[in-house]
Amino acid sequence: MTVTAAMCARTIVFHLLLCMIIAIPVYGQFQTCRGTQLGPVPALHGFSATDRLELYREMYTGCTFVEYNLEIVGLDASADLSFLSNITEVEGYILIAENAFSAIALPQLLIVYGNTLYFDRVLRVSDNPVLTEIRLPELRELSNGFVLFENNPVLCFVRYSIEWRALQVNTTLNHLTGAALQANCPNMTCSSPYCWGANTLQKQPFNYVGFTNCTAT
């Protein structure tokens, strides 16, 4: 196959993916979108970070409820992720991996159901070399599965400043390694010891029905 033919084939696949993914109805302020179903989209392996970003933007802009899974993989440092700002619920898991941006925010995310899991993980954040913060200030529940953070060498807060028991019924298989040491993170001005970021806007909420004492040991 010539280079030109290969590029044409990739373009056709890309637009077919858009057609399949975004044909979802909208009801008032509630908008359902279709995420990925079987891990990172295989057809995107040959695409650039720009192509991936365009696909994700088409998938998730305006979305409040993600059917299947939410995956953000292989984006570059300049990626504008504001299209994630309306998401409140994810049916499956969240995967954030192999990106070059320094922060990601899902400011309205409330619950991740974990109806499908990524190798038993409802939230996996891995191999993001310059990621410093993942901001989930409204997150109330991870209904099923465990979390995994690894190979994020400058990522702050998730290891020392999040009370995972407030989010999960069972935390025994959570895996939190390869993050920044607390001493190398910014000084916290947050009004709580439990925060997703340095300031009070990133304070972890504690209204989960199974956990009412945020100072519990």
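The values are calculated or read from the model by the stated rules, or taken from the named source; none is laboratory data. Computed from a predicted model, the values in this text were never measured in an experiment. FYI the Cβ positions are ideal-geometry reconstructions off the backbone, even for glycines, and counts take in every protein chain you see. Side chains included, ligands, DNA and RNA excluded: accessible areas come from the protein's heavy atoms. Shrake-Rupley method; radii C 1.70, N 1.55, O 1.52, S 1.80 Å.
When the stretch 56-78 is examined, which residues are found to be more than 14 Å from the chain's Cα centre (by Cα) and closer than 21 Å to VAL130 by Cβ?
Listed by number, the residues that qualify are ASP76, ALA77, SER78.
Kindly establish whether GLY197 is in contact (Cβ under 8 Å) with a residue 40 or more places away in the chain, small (Gly, Ala, Ser) and closer than 27 Å to SER78 by Cα.
Answer is yes for this residue.
What are the pairs with Cβ atoms under 9 angstrom where one residue, in the stretch 126-138, is farther than 12 Å from ALA179 by Cβ and touching a residue at least 40 places away in the same chain (Cβ under 8 Å) and the other, located anywhere, is assigned to a strand (DSSP E or B) and open to solvent by 50 Å² or more (accessible area, probe 1.4 Å)? Sequence gap at least six, or different chains.
The qualifying pairs are PRO137/LYS203.
Here are some conditions: (1) at pLDDT below 90; (2) surrounded by 15 or more Cβ atoms within 10 Å (Cβ to Cβ); (3) out of contact with any strand residue (DSSP E or B) (no Cβ under 6 Å at 6 or more places or on another chain). LEU16 meets all but one. Which one does it not meet?
Exception for LEU16: condition (2).
Output the strands (runs of 3 or more DSSP E) that fall wholly within the stretch 25-124 and possess 3 or more residues being of a type in the set (A, V, I, L, M) and either open to solvent by less than 20 Å² (accessible area, probe 1.4 Å) or modelled with pLDDT of 95 or more (or both), or say none.
Result: 70-73, 94-97, 103-105.
Among the aromatic types (Phe, Trp, Tyr), surrounded by 15 or more Cβ atoms within 10 Å (Cβ to Cβ) and in a loop (DSSP other than H, G, I, E, B), is that true of PHE149?
no
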